[in-house]
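The values are calculated or read from the model by the stated rules, or taken from the named source; none is laboratory data. Just so we're clear, the structure is a prediction, and the values are computed from it rather than from any experiment. Reconstructed Cβ throughout: ideal geometry from the backbone, glycine too, with neighbour counts over all protein chains shown.
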């Protein structure tokens, strides 16, 4: 790496030939000056010695082993979760049910958003159904009903078809889910999409899509945070294991450089 830095320093000064100082002390000063002037340039450059290999790994709420030794090459870690502008959409459910249920095991982080928009697409239905918005208490982890988004859904709504409702910032706390309940027995095939708008950048205290890196005891409080849409190049010791954890189920890209 030292040779690369010296070469880049010379290229930046348009002087390929090394400067020959008048004494040894001068030579040391010239070398240190060249390295210092090239430092910022080198740090912005990712040198590939071969085509990178990548793997996509699931990360959940317990420490997940993502890198195992031996570690002979640098790794590029990328948290691919990212917001596009200030708006993002999630499909909370897509399928058929014939009994009450919910999406509490796969919540959506909505702490950084002000407005919630809902689209319900029903392709088949019998009986009558209600769909209810839920938010999780950040202290106890318990779920509470916020409001009924769609009430009395039946074949005479008219459905099948697509319904829309706007709930604004009502119930936009930290974690969002829905539940459905039949008020008259039957079955329903539907997809439910929420569009979150007027948002700001996400983090562990926001969208909860950050990934935390560390040893086998890593948690969101002691781990190195890799925010959504961020990547880091790291070099691990040859015998070091690296674990990752997140506040919700997500995934990480690991590139072997």
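Here the strands (runs of 3 or more DSSP E) wholly within the range 102-177 that include at least 2 residues being within 21 Å of the chain's Cα centre (by Cα) are 115-125, 128-136.
Conditions tested, residue by residue: (1) closer than 20 Å to residue 246 by Cβ; (2) out of contact with any strand residue (DSSP E or B) (no Cβ under 9 Å at 6 or more places or on another chain); (3) modelled with pLDDT of 95 or more.
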residue: 88; (1), (2), (3): yes, no, no
residue: 92; (1), (2), (3): yes, no, no
residue: 96; (1), (2), (3): no, no, yes
residue: 99; (1), (2), (3): no, no, yes
residue: 112; (1), (2), (3): yes, no, no
residue: 136; (1), (2), (3): yes, no, no
residue: 146; (1), (2), (3): no, no, no
residue: 151; (1), (2), (3): no, no, no
